Amino acid sequence: GPGGGRREALALGGAAAAGLAAPAGPAWATQGYTAGRIPGLSKAKDGWQTYTRPEGKQGGHGVGWSEIPPYAFDVPEGWEETPVSIADGGGTEIDVRFKGEGMGSMFVVVAPVLRFTDAGFGADVRIKDIGPPEKLLMGFAPEILGGPLEDRDLDTTYISSKTCPVGDLDFYNYVTNRPRAIMSATSYKNRAFVLCVKASALQWRKHEAELRRIGESFQIIA
């Protein structure tokens with residue numbers, strides 16, 4: 001009705017103001033709204049761009065779910081966001097996908113921690129509360145990698161601690177041989193997050209350093 005447009009404009013103004021109040025630094029730079037899509041990529045710097053999950057991006061929240069806490073990661077300049085299909089392996093829980101021509105692809109899965117633990121709604125669950133790295137990997141590997149993971153397929157597993165804008169978080173990190181993949185997983189509030197980078201053997205040989213950097217850049221910024 002009348003005034004609706006003005007209310008929307010005010011709401012958008014509020015969102016823009018909230019964006020300005022974000023921590024300083026190129027990683028959190030958000031661009032303006034463009035036709036039907038809210039982009040999250042920063043301007044390129046030294047051949048890399050930072051993707052920050054835009055406020056207002058639609059996602060599989062489910063009824064009664066809180067908003068997905070924003071996360072960020074780096075991708076080489078030229079990597080492009082690609083549509084997420086319900087038919088994807090990983091299904092509705094894939095939140096964003098990127099592809100780098102001749103280099104590989106990556107995506108982020110955001111899943112309710114209720115998949116792994118019976119913490120109640122509104123809980124703040126850390127990754128170590130869910131269980132050891134092996135338990136988490138067995139929980140999501142089949143849908144992310146397209147099949148169960150055997151011991152010989154796992155190259156390395158390690159736990160890293162990172163100081164994110166939300167504070168210190170632990171990350172479980174996995175590198176697999178078949179398929180060639182890098183995964184970085186963490187948990188914050190009532191969500192588990194898994195970033196996965198995949199590449200062919202040839203792409204891995206040529207671009208291992210860049211692919212590892214994507215995985216290592218993953219952080220939660222809410």
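Annotations for the structure displayed:
- Inter-part distance where the stretch 153-222 and the stretch 103-131 are each reduced to a Cα centre, Å: 14
- In this Cβ point-charge picture (+1 for Lys and Arg, -1 for Asp and Glu), the stretch 113-222 has a dipole of about 320 debye about its Cα centre.
- Full-extension gain in nm, LYS162 to GLU150, via 0.36 nm per residue minus C-alpha separation: 1.5 nm
- Model label points for GLU67 and GLU81, set 7 angstrom from Cα along the Cα-to-Cβ axis, are 1.6 nm apart.
Here, each number is a calculation from the coordinates, and none is a lab measurement. No experiment lies behind these values; they were computed from the predicted model shown. Positions of Cβ are backbone-derived with ideal geometry, glycine not excepted, and every protein chain shown enters the neighbour counts.
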